[in-house]
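These notes are about the structure you will find just below.
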Amino acid sequence: MSFINYASREINCKIVYYGPGLCGKTTNLQFIYNKTAEEAKGKMISLATETERTLFFDFLPLALGEIRGFKTRFHLYTVPGQVFYDASRKLILKGVDGVVFVADSQEERFDANIESLENLKDNLEEQGFDLEKLPFVIQYNKRDLPNVSSVEELSNLLNPRKVPELEGCAMTGEGVFETLKAVAKLVLNNLKKGG
Amino acid sequence: MLGPQSSLVMYDEEYQRILQLLEKLLREANSKVIFLVDKNGQLIAATGETENLDTTSLASLTAGNIAATGGLAKLIGEKEFSILFHEGEKDNIHISIIGGRVILVVIFDQRSSLGLVRLRVKKASNELAVVFEDLVNKTEQEASSSSASSPFAEITDDDIDNLFN
């Protein structure tokens with residue numbers, strides 16, 4: 001849940017990138033980190049294995065600027081995507097304000113996407129959240145690869161609620177900032193409603 | 001007690017009270033740095049030798065640490081581990097949970113001792129818990145009095161778009 005600090009005039013929000021293993025969650029954060037001005041970002045922390053698979057989480061603090069005299073800070077987190085890290089994965093969802101689901105567009109990852117999305121719903125429920133009511137966007141990543149499912153197919157399957165959906169290629173950065181902006185917008189609009 | 005799902009709101013008055021309590025604890029426990037973190041990883045307040053410390057990262061990792069240990073606790077049938085202690089060659093970290101939601105972190109070196117820190121933290125925790133109790137009541141009152149007083153009630157799409165330009 002967001003943290004509104006009247007003393008320092010800051011709003012802090014937490015956004016979590018979720019998705020199956022190797023779908024590009026960490027790559028999204030790395031691209032944002034590399035393309036953000038020094039003064040607007042903090043250190044990026046990656047708790048990863050020796051083979052650079054996320055073990056616990058990645059963390060990137062961003063300062064986006066001011067709204068009505070309040071500094072807006074977003075804390076971006078990724079979860080470990082691999083199935084067997086479920087116990088750690090659910091911890092990252094604590095106090096989340098918005099979720100980005102990064103789907104792997106490759107045909108062979110079709111089932112992994114569904115499994116991960118179901119897992120997201122279950123884990124959110126355990127923390128007392130309802131995905132239907134949470135600011136939520138979907139990124140169809142790896143659109144540059146040859147063996148991808150069509151966006152229509154992915155959308156029918158993963159996005160029945162028709163939340164904002166974006167095509168991306170996190171390696172080159174395509175769609176990365178658009179995704180962040182889409183979720184940030186929903187989160188801030190939610191704050192406006194007093195959520 | 002603060003519920004896990006309620007938004008944390010900090011007002012100037014309570015912030016000053018918290019800061020005073022942290023400064024008192026800093027002196028009485030002979031410690032180097034003290035900070036308070038929300039269980040979700042948001043830094044609430046910090047005092048002491050914080051100039052060369054990345055407090056944002058510390059806050060996020062502390063919350064991750066507490067979350068992971070909390071997970072361990074549940075697996076063996078404990079509610080939570082309310083105190084964690086990390087011993088280093090020079091500096092040590094004492095972490096404790098206040099009122100179920102806020103994390104108090106004390107960094108200290110050989111000028112202090114674990115016993116002293118534990119003793120002082122215990123007393124300060126009770127005082128801090130009272131402030132957070134007041135904060136929750138105040139937030140609830142503000143929320144029920146009028147939603148229009150929220151500074152975000154009037155933000156527009158343009159305001160949000162401007163953040164990304």
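The values are calculated or read from the model by the stated rules, or taken from the named source; none is laboratory data. Source: prediction; values computed, not measured. Cβ sites come from the backbone with ideal geometry, for glycine too, and all protein chains shown count toward neighbours. Calculation scope for accessible area: heavy atoms of the full protein, side chains included, ligands and nucleic acids excluded. Shrake-Rupley method; radii C 1.70, N 1.55, O 1.52, S 1.80 Å.
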**Request:** Give me the number: length gained by fully extending B:Glu23 to B:Lys122, i.e. 0.36 nm times residue separation minus the C-alpha to C-alpha distance, one decimal in nm.
**Result:** 34.1 nm
**Message:** So for each of B:23-34, A:49-60, B:131-142 I average, over its residues, the number of other beta carbons within 10 Å; can you give me the resulting order with the highest mean first?
**Reply:** B:23-34, A:49-60, B:131-142
**Message:** Using a 1.4 Å probe and counting only protein heavy atoms, how much accessible surface gets buried when A and B come together, both sides summed, in Å² to the nearest 100?
**Reply:** 3600 Å²
**Prompt:** What's the carbon and sulfur percent of chain A's accessible surface, probe 1.4 angstrom, rounded to a whole number?
**Reply:** 50 percent
**Prompt:** Which residues, if any, in the stretch B:150-165 have at least 30 Å² less accessible area in the whole protein complex than in the isolated chain, probe 1.4 Å?
**Reply:** B:Pro151, B:Phe152, B:Ile155, B:Asp157, B:Asp159, B:Ile160, B:Asp161, B:Leu163, B:Phe164
**Prompt:** If you put +1 on each Lys and Arg Cβ and -1 on each Asp and Glu Cβ, how big is the dipole of the stretch B:16-140 around its Cα centre, in Debye rounded to 20?
**Reply:** 320 debye
**Request:** For B:Lys24, list the lysines whose Cα falls under 22 Å from its own Cα; do not include residues on the same chain fewer than 8 positions away.
**Result:** B:Lys32, B:Lys122, B:Lys123
**Request:** Could you tally the net charge around B:Arg101, taking each other residue with its Cβ under 10 Å from the Cβ of B:Arg101, Lys/Arg +1 and Asp/Glu -1?
**Result:** 0
**Residue among A:Thr78, A:Thr26, A:Thr36 with the largest mean-square fluctuation in a Gaussian network model of chain A, springs linking Cα atoms under 10 Å** = A:Thr36
**Prompt:** With Cβ to Cβ distances under 11 Å as the rule, what net charge do the other residues near B:Lys32 carry (K, R +1; D, E -1)?
**Reply:** -1
**Fill in**
About its Cα centre, chain A carries a charge dipole, from +1 on Lys and Arg Cβ atoms and -1 on Asp and Glu Cβ atoms, whose size in debye to the nearest 20 is 1040 debye
**Request:** At 4 °C and 1.567 mPa s, grab the translational diffusion coefficient of chain A from Stokes-Einstein with a Kirkwood Rh over Cα pairs, rounded to a whole number in µm² per second.
**Result:** 77 µm²/s
**Prompt:** When all protein chains stay in place, what accessible area (Å², nearest 10, 1.4 Å probe) is found for A:Met44?
**Reply:** 40 Å²
**Prompt:** Using the C-alpha gyration tensor of chain B, what are the square roots of 5 times its eigenvalues, in whole angstrom, with the largest one first?
**Reply:** 30, 18, 18
**Prompt:** How big is the charge dipole of the protein assembly as shown about its Cα centre, in debye rounded to the nearest 20, if each Lys and Arg gets +1 on its Cβ and each Asp and Glu gets -1 on its Cβ?
**Reply:** 960 debye
**Message:** Just to confirm, what accessible area per residue do you get for the protein assembly as shown at 1.4 Å probe, in whole Å²?
**Reply:** 46 Å²
**Prompt:** By how many degrees, between 0 and 90 and to the nearest 10, does the Cα long axis of helix B:12-28 differ from the longest principal axis of chain B?
**Reply:** 10 degrees
**Prompt:** By how many degrees, 0 to 90 and rounded to 10, does the Cα axis of helix B:114-145 deviate from the longest principal axis of chain B?
**Reply:** 10 degrees
**Cross-link pairs beyond the 23 Å C-alpha cut-off, checked among A:Lys25/A:Lys181; A:Lys43/B:Lys138; A:Lys14/A:Lys43; A:Lys25/A:Lys185** = A:Lys43/B:Lys138
**Request:** From other protein chains only, count the Cβ atoms within 10 Å of every residue's Cβ in B:65-71, then give the mean.
**Result:** 3
**Message:** I'd like the mean, over residues of A:81-93, of how many other protein chain beta carbons sit within 10 Å of each residue's own Cβ.
**Reply:** 2
**Prompt:** Straight-line reach from A:Lys142: which aspartates and glutamates have Cα under 17 Å away, leaving out those fewer than 8 places along the same chain?
**Reply:** A:Asp104, A:Glu107, A:Glu108, A:Asp111, A:Glu152, A:Glu153, A:Glu165, A:Glu167, A:Glu174, A:Glu178
**Asked** Once you average over the residues of B:51-59, how many Cβ atoms of partner chains fall within 10 Å of each Cβ?
**Response** 3
**Item:** Rg/Rh ratio calculated on Cα atoms of the stretch A:145-195 (Kirkwood radius)
**Value:** 1.07
**Prompt:** Hey, if we sort A:Lys71, A:Lys25, A:Lys43 by accessible area with the 1.4 Å probe, largest down, what's the order?
**Reply:** A:Lys43, A:Lys71, A:Lys25
**Item:** Span-like helix ranges in chain A, DSSP H, alpha carbon extent 20 angstrom or more, Kyte mean at least 0.0
**Value:** A:176-192
